[in-house]
Each structure stands twice: as structure tokens, then as C-alpha cells.
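Notes to accompany the following structure.
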Amino acid sequence: LKYSEIWLKINPADNEIKWIKVRCLTKLERYDEAEQGLKELELTKFSPHKVYHAWGLFFRQKGEKEKARASFKHGLEKRSDHLPLLRDYGEILEQLGEIDEAFEQLEKAYSLAPRDFYVAPKYAALLEKKGRIDDALAIMTDLKTTFPDEASIHHRLSMLNNAKGNFREAYIEARMAVDL
């Protein structure tokens, strides 16, 4: 936030930095300032999909899930392949209990970035909820090759292997997660 404020003194028209500032204000729960910043970004016609995404994150942070859902959906209407929007829309749909629609959105996101550290685990978790443990295992195993030192991936692999009855593999992955 401090960096963005310094930068905006030098270049007050930098909408990317204004967007970052709004995100920081939202995370700091300075909602009045964040809302004002979002309204200003809307007036500048700055990347509508990013503005809708920021509104969605704003509402999600405040616990207003339906408003977050609507904002993410509007953002995707402006740019249907924006990975962060697909991810966050899928996540909010899951929180609202709309598992099939969440699955569809995260499947799209996964198809765009199969080794994304945020998308792949969320997609694998939905596959697991749908009883597709083997598919979830394959995704997480693939992700492990990209992030071999990430404890959370080994933990998830341990849980998936346990669900499959692969207790030795579950133990090995759990041990790796603890060691990391």
C-alpha cells in the first residue's frame, strides 16, 4: 500500500497501481477507501474484467458472497479466459454450494493452466468431492513435479492416497509433508 501511494504521487494516472492499491485496501479491511478507489477505476474505463474481479474480491472479503458471485460473473462476461476470475468464481460457487457450476469453472481454469499452484489443487479437490479420486491423484502427482518442495501438495497426495487405500504411499507423502 505504501509503495502504491508513493508511486501514485509520481504517476497519478497509473490505473494498474490504483488497482493494486484497491486490493491492498480491501485486504486491510479499509472498505470505504477501497470502494471509492473502485468507483474511480470504473470511471476511467480501466480493464472492466479487472475492476469486476476487484469488486468480487471486495465483496467476498466482506462476506457478501452473492454480490461477489455476480461481480465475478460480470468480469467473465468481459473476458471469459481470465484465469484469476475463473478460479475465484469457481471458489465462490463452491462456497455457495453450487458444486457442478464450480466444477465447470475450475475445469476451464485448469485447462488454461494445468500447473497453476492455485487452480490445480482447487480443481483436484472438486474432483475428489465428485468421487474421482484417481483423476485428483493424477493432477496432484503432476503438480508435485512442478513444486516438489511444497508441503501442501504432499499433504493432499497423502490424503488422496489414504482415500484410495494406498496406505504406504499415503505414509510416504505425509512423511514428506512433515519433513518439508
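Conditions (1) open to solvent by 20 Å² or more (accessible area, probe 1.4 Å); (2) within 30 Å of GLY131 (Cα to Cα); (3) touching a residue at least 24 places away in the same chain (Cβ under 8 Å), marked per residue:
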residue: TRP55; (1), (2), (3): yes, no, no
residue: GLY63; (1), (2), (3): yes, yes, no
residue: GLU66; (1), (2), (3): yes, yes, yes
residue: ARG79; (1), (2), (3): yes, no, yes
residue: ALA109; (1), (2), (3): no, yes, yes
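Would you mind finding the one in GLU91, GLU173 that is surrounded by 17 or more Cβ atoms within 10 Å (Cβ to Cβ), at negative phi and over 18 Å from the mean Cα position of the chain (by Cα)? Criteria check complete, one pass: GLU173. Just one of (1) open to solvent by 40 Å² or more (accessible area, probe 1.4 Å); (2) in a helix (DSSP H, G or I) fails for LEU137. It is (1).
In the stretch 11-38, the residue that is farthest from PHE58 (Cα to Cα) out of those that are open to solvent by 80 Å² or more (accessible area, probe 1.4 Å) and not charged (D, E, K, R) is PRO12.
Before we move on, is GLU173 modelled with pLDDT of 95 or more, in contact with a His (Cβ under 8 Å, 6 or more places away or on another chain) and in a helix (DSSP H, G or I)? So GLU173 passes the test.
Scanning the stretch 147-169 for residues that are part of a helix (DSSP H, G or I), polar (S, T, N, Q) and buried (at least 17 other Cβ atoms within 10 Å of the Cβ) gives SER158, ASN161.
The values are calculated or read from the model by the stated rules, or taken from the named source; none is laboratory data. Predicted model, so just to flag it, every value in this text is computed and none were measured. FYI the Cβ positions are ideal-geometry reconstructions off the backbone, even for glycines, and counts take in every protein chain you see. These area figures cover heavy atoms from the full protein model, side chains too; ligands, DNA and RNA do not enter into them. Shrake-Rupley method; radii C 1.70, N 1.55, O 1.52, S 1.80 Å.
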